[in-house]
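Asker: Next up is a structure, given as structure tokens.
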Amino acid sequence: MKERVREIQNFNLISQISHTPRRAVKTIFKLKMLLLGETFPNFTADSTAGEINFHEWLGDSWGILFSHPSDFTPVCTTELARVIKLMPEFAKRNTKVIGLSCDSIASHVEWCKDIITYAGINEDEKFPYPIIEDNQRKIATKLGMLDNDELDTAGMPLTARAVFIVDPNKKYRLSILYPATTGRNFDEILRVIDSMQLTDTAKVATPADWKMGGECMVLPTVPDDKLTSVFPQGVTVVPLPSGKKYLRKTACPKTH
Ligand code: BEZ
């Protein structure tokens, strides 16, 4: 029942925001949820770097699309500054980054000056990644980024702190959704990119709190009689009360 009330609230809000006929909003609600492994929806949007076609902008890179609630807010400023500092790390991982919020491009451009100053880089330097304007909430609605607990002065929901990671095949690989009051941990975002890029090429999965170079788990799909050929570095089977030999560890495979 609670969920249904929420759904109706969302329905009414989207009607108001987008001035979309109620029948069309019903269609939006019928859109199926995006699942990991599916093609990430393409869109065009205005940004601080001009009009962007998301798939074309990605090219052959991995991409991180991250939204934030509002310009000129303290937590967001620390996050966007952190992303500036991490640009060399994203480049090492062939990963492009793009921000999004419900504010206008003019507002983004003004705010970028504060972010650059907070990041402690030269004010004359170009802001190193684009920020999308989504004041109609079109992309935020399509991707389920709205946070009904955070409203703007007109009572419209702001975008949550969403993170979407898309691979070079435009596949949707990961999403994390944070509330407005919790800033993101960008070391974690680099860590999951490392894990996905490693596990795309090696027959391993990465355990809890893994970091690049740490011990990995042999995939359950690798049969015991293939262990020596697939993992010449060796495999350790951890004894467990069940007697099942499923917890198999190996040194982190070299990727290049
Ligand atoms: C912030 O970025 O500081 C913020 C934005 C919206 C709600 C709470 C905090």
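Asker: Among LYS226/LYS249; LYS142/LYS203; LYS85/LYS170; LYS92/LYS226; LYS85/LYS249, which pairs are too far apart, with a Cα-Cα distance over 23 Å?
Answerer: Beyond 23 Å: LYS142/LYS203; LYS85/LYS170; LYS92/LYS226; LYS85/LYS249.
Asker: Next up: Which FRET efficiency value, to the nearest 0.05, is calculated for SER104 and MET196 with the Förster distance at 35 angstrom and r the Cβ-Cβ distance?
Answerer: The value I calculate is 0.55.
Asker: In addition: Compute, for segment 152-204, the length of the dipole vector about the Cα centre, with Cβ point charges of +1 (Lys, Arg) and -1 (Asp, Glu) only. Units Debye, rounded to 20.
Answerer: Charge dipole, segment 152-204, about its Cα centre: 160 debye, nearest 20.
Asker: What does the accessible area per residue of segment 72-116 come to in Å², with a 1.4 Å probe and no ligands, DNA or RNA counted?
Answerer: 41 Å²
Asker: State, to one decimal in nm, how far the label point of LYS211 lies from the label point of SER242, with both points 7 Å from Cα in the Cβ direction.
Answerer: 3.0 nm
Asker: Right, another one. Choose one of GLN136, ALA154, VAL166: the residue whose Cα lies farthest towards the positive end of the charge dipole of segment 94-182 (beta-carbon charges +1 Lys, Arg; -1 Asp, Glu; about the Cα centre).
Answerer: Selected residue: VAL166.
Asker: Ranked highest first by the average count of other Cβ atoms within 10 Å around their residues, in what order do 42-49, 86-93 fall?
Answerer: In descending order of packing, they fall as 42-49, 86-93.
Asker: Extending each Cα 7 Å along its Cβ direction at ASP114 and ASN148, get the distance between those two points in nm, one decimal.
Answerer: 2.9 nm
Asker: Of all DSSP beta bridges located in the chain, what percent are antiparallel, nearest 5?
Answerer: Expressed as a percentage, antiparallel bridges in the chain total about 75.
Asker: Collect residues whose amide H, placed 1.01 Å from N in the peptide plane, falls under 5 Å from the amide H of LYS171; neighbours closer than 5 in sequence don't count.
Answerer: Residues meeting the amide H criterion: PHE40.
Asker: Now, a different point. Read phi for every residue in segment 67-76 and hand back ³J(HN,Hα) as whole Hz from Karplus 6.51 cos²θ - 1.76 cosθ + 1.60, θ = phi - 60°, with x for Gly and Pro.
Answerer: These are the phi-based 3J(HN,Hα) values: 9, 9, x, 6, 6, 6, 10, x, 5, 4 Hz.
Asker: Heavy atoms only, probe 1.4 Å: what % of the accessible area of segment 129-256 goes to carbon and sulfur, would you let me know?
Answerer: 53 percent
Asker: With no solvent and one point per C-alpha, what does the Debye sum give as log10 I(q)/I(0) for segment 137-234 at q = 0.18, 0.20 Å⁻¹?
Answerer: Taking Cα atoms of segment 137-234 as identical point scatterers yields -0.93, -1.04.
Asker: Tabulate in residue order the Karplus-calculated ³J(HN,Hα) for segment 46-56, using 6.51 cos²θ - 1.76 cosθ + 1.60 with θ = phi - 60°, rounded to whole Hz; enter x for Gly and Pro.
Answerer: Residue by residue, segment 46-56 yields 7, 9, 5, 10, x, 6, 10, 9, 4, 5, 5 Hz.
Asker: Related question: About the Cα centre of the chain, how large is the charge dipole given +1 on each Lys and Arg Cβ and -1 on each Asp and Glu Cβ? Please answer in debye to the nearest 20.
Answerer: 1280 debye
Asker: Quick one: Karplus J couplings for segment 164-179, per residue in order, coefficients 6.51, -1.76, 1.60, θ = phi - 60°, nearest Hz, x for Gly and Pro?
Answerer: 3J(HN,Hα) across segment 164-179, in whole Hz: 10, 10, 10, 8, x, 8, 6, 7, 6, 10, 6, 9, 9, 10, 10, x.
Asker: Can you tell me which aspartates and glutamates have their Cα less than 16 Å from the Cα of LYS113? Leave out same-chain residues fewer than eight positions away.
Answerer: ASP71, GLU79, ASP103, GLU123, ASP124, GLU125
Asker: Can you tell me the accessible area per residue over segment 135-200, all protein chains present, probe 1.4 angstrom, in square angstrom?
Answerer: Spelled out: the 1.4 Å probe surface of segment 135-200, per residue, equals 43 Å².
Asker: Now for a separate question. Relative to a virtual label point 7 Å from the Cα of ARG93 in the Cα→beta-carbon direction, which members of segment 45-67 show backbone nitrogen distances below 16 Å?
Answerer: Within reach of a label on ARG93: 61-67.
The values are calculated or read from the model by the stated rules, or taken from the named source; none is laboratory data. Note that the coordinates shown come from a computational prediction; the quantities given were computed from them, not determined experimentally. Here Cβ is always computed from backbone atoms with ideal geometry, including for glycine, and neighbour counts include all displayed protein chains. Please note that ligands, DNA and RNA were not included when accessible areas were found on the heavy atoms of the full protein model with its side chains. Shrake-Rupley method; radii C 1.70, N 1.55, O 1.52, S 1.80 Å.
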